[in-house]
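S.K.: Take a look at this one; I'll ask things after.
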Amino acid sequence: IHAIRNAFSSISAAFDPTDTTDSASFLHKIDHSGWLKHVRLVLKASWDLADYVHNSGVSVLTHCSDGWDRTAQMVSLAELMLDPFYRTLEGFAVLVEKEWCSFGHQFGLRCGHARSDVSNDQRSPIFLLWLDCIHQLLRQFETEFEFASTLLLFLADHVYSCKYGNFMFDCEKARVDCFDKYAATNVWCDVQSKRDTFANPRFSPERTVLAPSTAWKNIVLWKAYFARFDPTFVPPVECVQFYS
């Protein structure tokens, strides 16, 4: 979690619009941040899981230190690669609720919700890294997903906004209590009501299993996320954000 947090801080700093360093220095900062390395490693490990299941016909037991960071990343990505259902809007909602919310990812701890200590060493953009991995899949297999990258940006913003009960607290019980007591908003209700915003117009699925390339040349920067607030980026990246 510490390496991921440091990598995110470093790559975000590279898009500081007041930084006037040359392009070579910029590319060095992107590379030196290590963020894309982490994206590639998670994608590669996830495909290894999917490959074992699909091509070797074996079950895979997956467990990281606590079971709710890397485990959630890898297992949910493997399911995206293996099952077209999870590549639909409805299926993607099921996937997030199942592998991230119900199985105990601590959104409150990792995102620092309602915590004033910004230096807390338990903060780490684990869910955001997962969204970047999906961005890589969307780029390589654009027609296989019913949703577009706008959904990823929406979730990237609102995992931190505390607007939706789905991404608050550190366990399922606390979230259920929040929905019951405070009538918290469900993120998927808003996603469904704005389907046109998040739908992929090129959706035309033909594959059952997605085998992504994890070659370095095919791991690309998520410019729509990282560069959207940098007015010096040429050509400019559309400033899409969903805070409201």
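The numbers here are math on the coordinates, done by the rules we state, and not lab data. All values derive from a computational prediction rather than experimental measurement. Using ideal geometry, Cβ is built from the backbone for each residue, glycine included, and neighbour counts are taken over all protein chains shown.
S.K.: Give me a comma-separated list of calculated 3J(HN,Hα) values for segment 73-90, in order, Karplus coefficients 6.51, -1.76, 1.60 applied at θ = phi - 60°, integers in Hz, x for any Gly or Pro.
M.R.: Per-residue couplings from phi come out as 4, 6, 5, 5, 5, 4, 5, 4, 6, 8, 10, x, 4, 6, 9, 8, 4, 5 Hz.
S.K.: What list of ³J(HN,Hα) couplings, whole Hz, do you get for segment 101-114 from phi and the Karplus terms 6.51, -1.76, 1.60, once you set θ to phi - 60° and write x for glycine and proline?
M.R.: 7, 5, 8, x, 5, 8, 4, x, 5, 6, 8, x, 4, 6
S.K.: Determine, at each q value in 0.12, 0.17, 0.20 (inverse angstroms), the log₁₀ of I(q)/I(0) that the Debye formula gives when each Cα of segment 1-104 is one equal point scatterer.
M.R.: -0.54, -0.87, -1.02
S.K.: Give the span of segment 102-232's Cα atoms along each principal axis, as three whole-Å numbers ordered largest to smallest.
M.R.: Dimensions of segment 102-232 along the principal axes of its Cα atoms: 43, 33, 33 Å.
S.K.: Please report, in whole Å³, the volume per residue of the convex hull around the C-alpha atoms of segment 121-178.
M.R.: Convex hull of Cα atoms, per residue: 99 Å³.
S.K.: Taking segment 9-67 as the region of interest, what is the percent of Cα-Cα pairs per 10 angstrom bin, listed from the shortest bin to the one with the maximum distance?
M.R.: Final binned percentages: 19, 31, 21, 18, 9, 1.
S.K.: To the nearest 500 deg cm²/dmol, what mean residue ellipticity at 222 nm is calculated for the chain from DSSP H runs of n ≥ 4 alone, each contributing -39,500 (n - 2.57), summed and divided by the residues?
M.R.: Counting only the DSSP helices, I get -15000 deg cm²/dmol.
S.K.: Gap in Å between the Cα centre of segment 18-64 and the Cα centre of segment 198-228?
M.R.: Computed from Cα coordinates, the inter-centre distance equals 13 Å.
S.K.: Report the residue, chosen from CYS64, CYS171, CYS111, that carries the largest GNM mean-square fluctuation when the chain is represented by alpha-carbon nodes joined by springs under 10 Å.
M.R.: CYS64
S.K.: Jot down the per residue volume, in cubic angstrom and as a whole number, of the convex hull over the alpha-carbon atoms of the chain.
M.R.: Hull volume over Cα atoms, normalised by residue count, gives 139 Å³.
S.K.: Shifting gears a bit: Report the label-to-label distance for SER56 and ASP83 in nanometres (one decimal), using points 7 Å from each Cα along the Cα→Cβ vector.
M.R.: 2.1 nm
S.K.: Now for a different question. Length gain on complete extension for the stretch GLN122 to THR143, per 0.36 nm per residue less the alpha carbon to alpha carbon distance?
M.R.: Length difference between fully extended and current span is 3.9 nm.
S.K.: Lysines within cross-link reach of LYS181: Cα-Cα under 21 Å, excluding same-chain residues under 8 positions apart?
M.R.: LYS163, LYS173
S.K.: Viscosity 1.567 mPa s, temperature 4 °C: give me the Stokes-Einstein translational D for segment 69-108 in µm²/s, with Rh taken as the Kirkwood radius over C-alpha pairs.
M.R.: Answer from the Stokes-Einstein relation: 128 µm²/s.
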